[in-house]
Amino acid sequence: MTPMTIDEFGRRLRARELSVVDATNACLARIEADNARLNAFVLVMADEARRQAREADREIAAGRDRGPLHGVPMSIKDLVDMRGIATTAASRVRAGHVAEHDAPIVAHLRRAGAVVVGKTNLHEFALGTTNEDSAFGPARNPHDETRSPGGSSGGSAASIVAGMALASVGTDTGGSIRIPAAACGTVGLKPTYGEVSADGVVPLARSLDHVGPLAASVADAHLVYHALLGGAVARPLAAAPVRGLRLAVPRAYFCDLLDDEVRTAFENALGRLREGGAQVRDVEIRHARDIAPVYLHLSLAEAAAYHATTIDEQPDSYTAPVRLRLEMGRHILAEDYVRAQIGREVLRREVDAALADHDALVLPTLPIPAPLLGANSVMIGATKEPVRTVMLRLTQLFNLTGHPAISLPCGHTSNGLPCALQLAGARMQTDALLGVALACETALR
Amino acid sequence: MGRIVPDSIERYLAGLNHLADPVLEDMARTGAAEDLPLIDAEVGALLRVLATSIGAKRILEIGTAIGYSGIWLAGALPSNGMLVTIEMDEERARRARQNFARAGFADRANVIVGDAKLMIAKVSGPFDVIFQDGAKSLYTPLLDRLVALLRPGGLLITDNVLWNGELVPGFKKKRTRDAADGRAIAEYNERINAHPALMTATVPLRDGVAIAVKRGSGELKPMLDTLARATHALREADFNDDASR
C-alpha cells in the first residue's frame, strides 16, 4: 500500500502521462471498491469531483496551472463547511444542516485547484480518538479492518492509505490529525495554533482546535499546509541536513508508557537519526504529569459550552460516549478552568525552553499500535490502560501550547501495524519544522 | 385528612412536623376554609426534604393553586434557584404570587398562567425536581415531556396517586372521587412504574405520593469519578510559583 504522492502526481500530470480525470477516477474507483469495508467517506461527491477534474484538465491544456495542488484529488473531514452540503460532524444532532458558505480553507483549496472527492468519517464532533462513535458507524483501519484508524480524523487518514484521495484536511484538538496519521501510517501536520483558519469548521474546543493536512509524505503535507494558509504558492521545501540536527527527546512521562514494539521502532528511528549525524539529547518537561488534567479541564469545558443547548434539547441524538463526555464537561468549575489556563502557560514556557537549544522535540506519536475496534482498554506491558487516555497522551501537549507538531511513519510492528514518531518545533516556525521532518523522513526511509 | 393511613397515625406525624411556618399555616387554614386542593403539611415536608436532598436549583410545578406546595418547594432552593409553577386559573395565580411574596420567595418563584399542556412545551429544562399536582387527566399525556425536562438523577414527584384508595379494587365501598380521574391515575401509576427512564417508589402518605428518579446519572458516575481525580491532580499541581514569575 504505497499511495501516489502529490509530487509524483504533479510530475506525471505536467508530463501529460496522467490526467486529472484519470487520477480522480482512480480514487473514485478505490472508494467504490473499498468504502463499504473501510467506511472512510460519509459522502462521496463523484459527479462534482469528475466535473472539477475535467475543468482542471481544461485549465492545464489551456496553460493555466494553479500550482502544486492543481487537480489533486483530496478528501475533507466532515467537520468542515462546504457550501450547499451538510456538515454532519458524524452526528445525528446535525440532521438537516446545510452549510451556507465554504469555509475559508475550502475556498483556498478550490483556488489552488484541488478536486474534492468527498467528506470523510470522524469521531462524532471530533470528540474521541478511535472513530468508533460516529452516526455513520466506525471508520476502519486499512491495515487491519478489525482495528481503529485512529481519530478523530480517522476517515481522512484511511482515505489516503487506501488510495481514495492523495491528501486530506483534518482537525486536531488533542491529536486528531496526528493520531490517525500514526495509526494508519501516513503523515499528519498540526500547524502552529491560529495559523490556518478554523472558521467554518465545527468547533470542539476553540482554544485548542487546529486545522491541518494529512498526506502521504512530508513534502505533500507542506504543499497542502501552504494551500490551507491561502497565501502564495509554497516554495519548495528545503530539507535541513540530518547531520547537525539538534533533537531533544522528552523521556520522562512521554517514554514511560509505551508498547514494546512501538518503543523499539522509536529507538530504532532515533538510532538511525544519530547515525545520520543528528545530535539527540534528553530534555525534561517538568510539568508533563499535569498535561492530562490541564487538557481535560480546558477541552471538556470548552466543548460543553459549545454543546450546551443541544445536550439539553436532544441528548439522545448524541452517541452515548460523546454525550457523557460533554455532560462531564458541565461539571467543571470555572476556577478549575482558570487553574488549567495557568498550567497551560507553564507548559508553554517549558516547551519553549526545551526548544531553545534544539531544532525539534522528538517523541512517539501514539504509545500503542492502532487499537482493536470496541476495546475500552489496552494492555501496555503488565498494566491495563484506558484506550482514550493512552491515545491522547503524547499529542495533547502541543494543542495546549500551540507548537506545531507533525507525525511521520517510523516502522511497523511484527504484525504490520504502523508506528510513528512526532516532531514538535518552535511556534510560528512550521516551515522550519517541516524542513526537519523532511530530513528525518529521508533518513528513515 | 388521610383516608389511607389511619387518622391517629397521621395526627401523630403532623404533631412531629415542625417545618411549617406562619405563612404556610395561615395558607393551610385558608385552604381548609375554602376547600382548596392543597397538599398537607406532611407532603409539603416530604417535598422540601426531597428537593433539599438533591440540591435542587430548578424546580417545575404543575398546579400552583395558591402557592402552598410551591412555598414548601421554594424553601429548598438556594437564593439563585428558581421555581417555575404553572396554574390554569388567573385568580389563583394572583393569590399565589402574593403568597410567594409574603413568604419571601418573590425572587425565586415564577407563576405562569395557562394550560400546562401548552406551557410545558415552552419551558426549557433541565429541572432538578418536577412536582406534578395538576389535572389528573393530564398525568399520562404530559409524562414523557416532563421526563424529558428532568435532568438525569432528578425527581418527578406526583401527588394523589392513590386517589383516596378508590383506584384499589375493594378498598372503598363508596366512591367519592371522579372515577375517570381515578382511571387516569391508575394508568399513570402503571406507566411511571414501568417507564424505562424512571425508577419509582410510592409512599402511601396522605393521598399517595409517587417519587420517581430519572435514570441515567449512573452512567455518568464513572466519568465524574475520572473528572474528580483529574481535578484533584490539577489542584495539587504547583503552577503558582511558575506562573507568578
Checklist entry - If you go through the stretch A:143-172 one residue at a time, how many are crowded, with 24+ Cβ neighbours inside 10 Å and either on the phi > 0 side of the Ramachandran plot or not hydrophobic (A, V, I, L, M, F, W, C) (or both)? => result 14
Checklist entry - Restricting the stretch A:289-326 to residues that are under 19 Å from A:Tyr337 (Cβ atoms) and charged (D, E, K, R), which is farthest from the other protein chains (Cβ to nearest Cβ)? => result A:Glu302
Item to check | Unique residue being under 12 Å from the mean Cα position of the chain (by Cα) and assigned to a helix (DSSP H, G or I) when the list is A:Ser152, A:Ser156 | outcome: A:Ser156
Checklist entry - Of all residues in the stretch B:135-160, how many are within 14 Å of the chain's Cα centre (by Cα) and over 25 Å from B:Gly55 (Cβ atoms)? => result 2
Checklist entry - If you go through the stretch A:349-364 one residue at a time, do you hit one that is within 10 Å of chain B (Cβ to nearest Cβ), surrounded by fewer than 17 Cβ atoms within 10 Å (Cβ to Cβ) and farther than 30 Å from A:Leu273 by Cβ? => result no
Item to check | Residue check, B:Lys173 without any contact (Cβ under 8 Å) to a residue 12 or more places away in the chain and more than 14 Å from every other protein chain (Cβ to nearest Cβ) | outcome: yes
Item to check | Positions within the stretch B:121-134 being more than 14 Å from chain A (Cβ to nearest Cβ) and under 23 Å from B:Gly55 (Cα atoms), in sequence order | outcome: B:Val129, B:Ile130, B:Phe131, B:Gln132, B:Asp133
Checklist entry - Can you find a residue in the stretch A:46-57 that is in a strand (DSSP E or B) and over 16 Å from A:Ala135 (Cα atoms)? => result no
Checklist entry - Among the residues of the stretch A:420-430, is any closer than 18 Å to A:Val262 by Cα, under 18 Å from the mean Cα position of the chain (by Cα) and surrounded by fewer than 23 Cβ atoms within 10 Å (Cβ to Cβ)? => result no
Item to check | Filter pass, B:Leu162 being in contact with a strand residue (DSSP E or B) (Cβ under 7 Å, 6 or more places away or on another chain) and buried (at least 21 other Cβ atoms within 10 Å of the Cβ) | outcome: no
Checklist outcome for this item: Exception for A:Arg323 within (1) surrounded by fewer than 20 Cβ atoms within 10 Å (Cβ to Cβ); (2) closer than 29 Å to A:Cys184 by Cβ falls at (1)
Item to check | Restricting the stretch B:191-208 to residues that are in a loop (DSSP other than H, G, I, E, B), more than 11 Å from chain A (Cβ to nearest Cβ) and in contact with a Leu (Cβ under 9 Å, 6 or more places away or on another chain), the residue that is surrounded by the fewest Cβ atoms within 10 Å (Cβ to Cβ) | outcome: B:Pro204
Item to check | Hey, A:Met74 assigned by TED's automatic domain parsing to the domain that holds A:Ala157, within 30 Å of A:His412 (Cα to Cα) and of a type outside the set (Lys, Arg) or not | outcome: yes
Checklist entry - Just one of A:Arg83, A:Arg37 is assigned to a helix (DSSP H, G or I) and surrounded by fewer than 18 Cβ atoms within 10 Å (Cβ to Cβ); which is it? => result A:Arg37
Checklist entry - Somewhere in the stretch B:209-225, is a residue touching a Ser or Thr at 6+ places or on another chain (Cβ under 6 Å), away from every other protein chain (no Cβ under 14 Å), in contact (Cβ under 8 Å) with a residue 12 or more places away in the chain and not basic (Lys, Arg)? => result yes
Item to check | Count of residues meeting criterion [buried (at least 24 other Cβ atoms within 10 Å of the Cβ) and either among the small types (Gly, Ala, Ser) or not assigned by TED's automatic domain parsing to the domain that holds A:Val338 (or both)] in the stretch A:266-277 | outcome: 0
Item to check | Selection from the stretch A:166-185 of residues that are out of contact with any Phe, Trp or Tyr (no Cβ under 9 Å at 6 or more places or on another chain) and among the hydrophobic types (A, V, I, L, M, F, W, C) | outcome: A:Ala167, A:Val169, A:Ile177, A:Ile179, A:Ala181, A:Ala182, A:Ala183, A:Cys184
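Each row is one residue, and each column tells you yes or no for (1) within 17 Å of A:Phe398 (Cα to Cα); (2) touching a Gly at 6+ places or on another chain (Cβ under 8 Å).
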site: A:Arg263; (1), (2): no, no
site: A:Glu275; (1), (2): no, no
site: A:His297; (1), (2): yes, no
site: A:Ala304; (1), (2): no, yes
site: A:Asp316; (1), (2): no, no
site: A:Leu326; (1), (2): no, no
site: A:Gly329; (1), (2): no, no
Next on the checklist: Quick check on the stretch A:286-318: of everything there that is at pLDDT 95 or above and not in a helix (DSSP H, G or I), which residue is surrounded by the most Cβ atoms within 10 Å (Cβ to Cβ)?
Outcome noted: A:Tyr318
Item to check | Residue check, B:Pro141 away from every other protein chain (no Cβ under 14 Å) and assigned to a loop (DSSP other than H, G, I, E, B) | outcome: no
Checklist entry - Given the structure, is B:Ile185 more than 26 Å from B:Val23 (Cβ to Cβ), at pLDDT 95 or above and among the aliphatic types (A, V, I, L, M)? => result yes
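Matching residues to (1) at pLDDT 95 or above; (2) assigned to a strand (DSSP E or B); (3) over 23 Å from A:Val44 (Cα atoms); (4) in contact with a helix residue (DSSP H, G or I) (Cβ under 8 Å, 6 or more places away or on another chain):
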{"site": "A:Ala135", "(1), (2), (3), (4)": "yes, no, no, yes"}
{"site": "A:Ala139", "(1), (2), (3), (4)": "yes, no, no, yes"}
{"site": "A:Ala165", "(1), (2), (3), (4)": "yes, no, no, yes"}
{"site": "A:Thr171", "(1), (2), (3), (4)": "yes, yes, no, yes"}
{"site": "A:Ala205", "(1), (2), (3), (4)": "yes, no, yes, yes"}
{"site": "A:Val211", "(1), (2), (3), (4)": "yes, yes, no, yes"}
{"site": "A:Leu223", "(1), (2), (3), (4)": "yes, no, yes, yes"}
{"site": "A:Leu228", "(1), (2), (3), (4)": "yes, no, no, yes"}
Checklist outcome for this item: Going through the stretch A:327-348 in order, the residues found to be part of a helix (DSSP H, G or I) and either touching a Pro at 6+ places or on another chain (Cβ under 9 Å) or facing chain B (nearest Cβ under 7 Å) (or both) are A:Glu327, A:Met328, A:Asp336, A:Arg339, A:Ala340, A:Ile342, A:Gly343, A:Glu345, A:Val346
Checklist entry - Quick one: in the stretch A:88-113, which of the residues that are under 20 Å from the mean Cα position of the chain (by Cα), among the hydrophobic types (A, V, I, L, M, F, W, C) and part of a loop (DSSP other than H, G, I, E, B) is nearest to A:His307 (Cα to Cα)? => result A:Ala89
Checklist entry - Could you give every pair whose Cβ atoms fall below 9 Å, whose first residue belongs to the stretch A:356-376 and is assigned by TED's automatic domain parsing to the domain that holds A:Ala437 and at pLDDT 95 or above, and whose second residue is basic (Lys, Arg) and part of a loop (DSSP other than H, G, I, E, B), counting only separations of at least 6 or pairs across chains? => result A:Leu363/A:Arg251; A:Leu366/A:Arg393; A:Pro367/A:Arg393; A:Leu373/A:Arg140
Next on the checklist: Which condition from (1) at pLDDT 95 or above; (2) part of a loop (DSSP other than H, G, I, E, B) is the one that A:Val116 breaks?
Outcome noted: (2)
Item to check | Subset of the stretch B:101-138 [closer than 25 Å to B:Pro22 by Cα and in a helix (DSSP H, G or I)] | outcome: B:Ala101, B:Arg102
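The values are calculated or read from the model by the stated rules, or taken from the named source; none is laboratory data. Everything numeric in this text was worked out from a predicted model, so none of it was measured. All Cβ positions, even for glycine, are placed from backbone atoms using ideal geometry, and neighbour counts span all protein chains on display.
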